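The values are calculated or read from the model by the stated rules, or taken from the named source; none is laboratory data. Note that the coordinates shown come from a computational prediction; the quantities given were computed from them, not determined experimentally. We place every Cβ from the backbone using ideal geometry, glycine too, and count neighbours over all the protein chains shown. Please note that ligands, DNA and RNA were not included when accessible areas were found on the heavy atoms of the full protein model with its side chains. Shrake-Rupley method; radii C 1.70, N 1.55, O 1.52, S 1.80 Å.
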Amino acid sequence: MASEAGAKKHMSYADMSSFFENMGMMLKAGITTGEAVDLLREESAGDSTGQTAVFSVMSKCMAEGSSFEDAMKETGAFDSYAVDMIRASEHTGRMETTLFHLSDYYRMEQSMKRTFVSAVRYPVILLLMVIAILAVMLKMVFPAFYGVYENLTGSLAASSFKYINISFALCRAALVVMIVLVVLILIGALLWKSGHAVVAKKFLRRFRSFRELFDNLDLYRFTSCFDMFISTGSMHDEALKKSLPIIEEGELRAKLEQCVSATESGSSFAQAACDVKLYDSINNRMLIPAERSGMLDSVLKKILEDLKDKNDQNISRISNTIEPLLTGFLMIAIGLMLISLMVPLIGIMNSMG
């Protein structure tokens, strides 16, 4: 049996999506949760992802009489969101529906994570290329030209070839800036991976594009959570309160708190969402008739699709903005360096002519 200590590591979004989908399909086929976990444990035996340890802990707990929710908590491999949703489904009897919703949710999270990583990877690679080129210029190119000019003019510092010194200083400054940028990106990535994403987000929110991206991502997560609670049979006001903890701070949190207060005063969720302008004008106008006709879950799914498209657009816009800027900076920097190196040479050739 795999070590149970290995089960304390969180599963990835992709693994959780696969797990919940497999559980949902087996429950749909009439297999109990305990039997389904045992089957997954047997199928995952010998893999290198650590899932065997997770399933082993869950199987042992459920064999001792623990619920599916308690078994998930015991592993420490699932986030609080998944555990809360399973708890709600056990009370409402909609386990199968919840499992498929969780599978879709974590698949979407994995998709957005992959898109975001891809958008960040290219600028980092480009920054490293800029650093490499600047380092070569400082280490090999400038010293070579510096020596040639010094031999030709006697004293480069006292000559009219001061351009090369200016270019040398600019090159060093640019190299320092590029290194600082790479270090900041790496620190941000480490903070994000170690569970301190709030710190990185606070810094990135100072920039409008990133602020819009994070706000839209938070709105997507809330809507997905709210839709899931609605699907498990929760009342709208109850689902709103249960979904609130997923948003920790910011303007969206304030809007949701206003919605909670409004629903407690007797307003419907749709009316409260329209009053605080939770979504854009088009989606807001769809909420009230959808709620009155009992089609709110269908409208929420359409809103989720719109939010996902906006997320992809925001990520693409950030990536398409950063890449040309870095490429342009690289071209301008290299061009200025070459000009600063060639101007003295042209002057020397003219004086010899």
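Pairs please, first residue from region 77-92 and farther than 12 Å from LYS242 by Cβ and open to solvent by 10 Å² or more (accessible area, probe 1.4 Å), second anywhere and outside any helix (DSSP H, G or I) and at pLDDT below 80, Cβ atoms under 8 Å, 6+ apart in sequence or on different chains.
The qualifying pairs are PHE78/HIS10; ASP79/HIS10.
If SER234 meets every condition in (1) outside any loop (DSSP other than H, G, I, E, B); (2) crowded, with 20+ Cβ neighbours inside 10 Å apart from one, which number is that one?
Every listed condition holds for SER234 apart from (1).
Do you know which residues across region 16-38 are under 31 Å from the mean Cα position of the chain (by Cα) and open to solvent by 40 Å² or more (accessible area, probe 1.4 Å)?
Listed by number, the residues that qualify are SER18, GLU21, ASN22, MET25.
Of everything in region 277-293, what is open to solvent by less than 50 Å² (accessible area, probe 1.4 Å) and closer than 16 Å to ASN216 by Cβ? Give them in sequence order.
Those that are open to solvent by less than 50 Å² (accessible area, probe 1.4 Å) and closer than 16 Å to ASN216 by Cβ: LEU278, TYR279, ASN283, ASN284.
Is one or more of the residues making up region 53-60 open to solvent by 50 Å² or more (accessible area, probe 1.4 Å) and either closer than 19 Å to VAL83 by Cα or at pLDDT 90 or above (or both)?
yes
Can you tell me how many residues in region 61-71 are among the hydrophobic types (A, V, I, L, M, F, W, C) and either open to solvent by 20 Å² or more (accessible area, probe 1.4 Å) or farther than 21 Å from ALA29 by Cβ (or both)?
3
Which pairs do you get when a residue that is polar (S, T, N, Q), found in region 52-63, comes within reach of a residue that is open to solvent by 20 Å² or more (accessible area, probe 1.4 Å) and part of a helix (DSSP H, G or I), reach meaning Cβ atoms under 7 angstrom, with the pair 6+ apart or on two chains?
If the second residue must be open to solvent by 20 Å² or more (accessible area, probe 1.4 Å) and part of a helix (DSSP H, G or I), the pairs left are THR52/ARG41; SER56/GLU4; SER56/ARG41; SER59/ASP38; SER59/ARG41.
Any residue at all in region 42-50 that is without any contact (Cβ under 8 Å) to a residue 12 or more places away in the chain, touching a Ser or Thr at 6+ places or on another chain (Cβ under 6 Å) and either open to solvent by less than 50 Å² (accessible area, probe 1.4 Å) or of a type in the set (Val, Ile, Thr) (or both)?
Looking through region 42-50, at least one residue is without any contact (Cβ under 8 Å) to a residue 12 or more places away in the chain, touching a Ser or Thr at 6+ places or on another chain (Cβ under 6 Å) and either open to solvent by less than 50 Å² (accessible area, probe 1.4 Å) or of a type in the set (Val, Ile, Thr) (or both).
Condition (residue is within 30 Å of LYS301 (Cα to Cα), among the hydroxyl-bearing types (Ser, Thr, Tyr) and more than 22 Å from the chain's Cα centre (by Cα)) applied to region 39-58: is it met by at least one residue?
no
So, of the residues in region 16-48 that are small (Gly, Ala, Ser) and part of a helix (DSSP H, G or I), which turns out to be farthest from GLU109 (Cα to Cα)?
Per the stated criteria, the residue is GLY34.
Restricting to region 93-109, give me the number of residues that are of a type in the set (A, V, I, L, M) and open to solvent by less than 10 Å² (accessible area, probe 1.4 Å).
Total meeting the criteria: 2.
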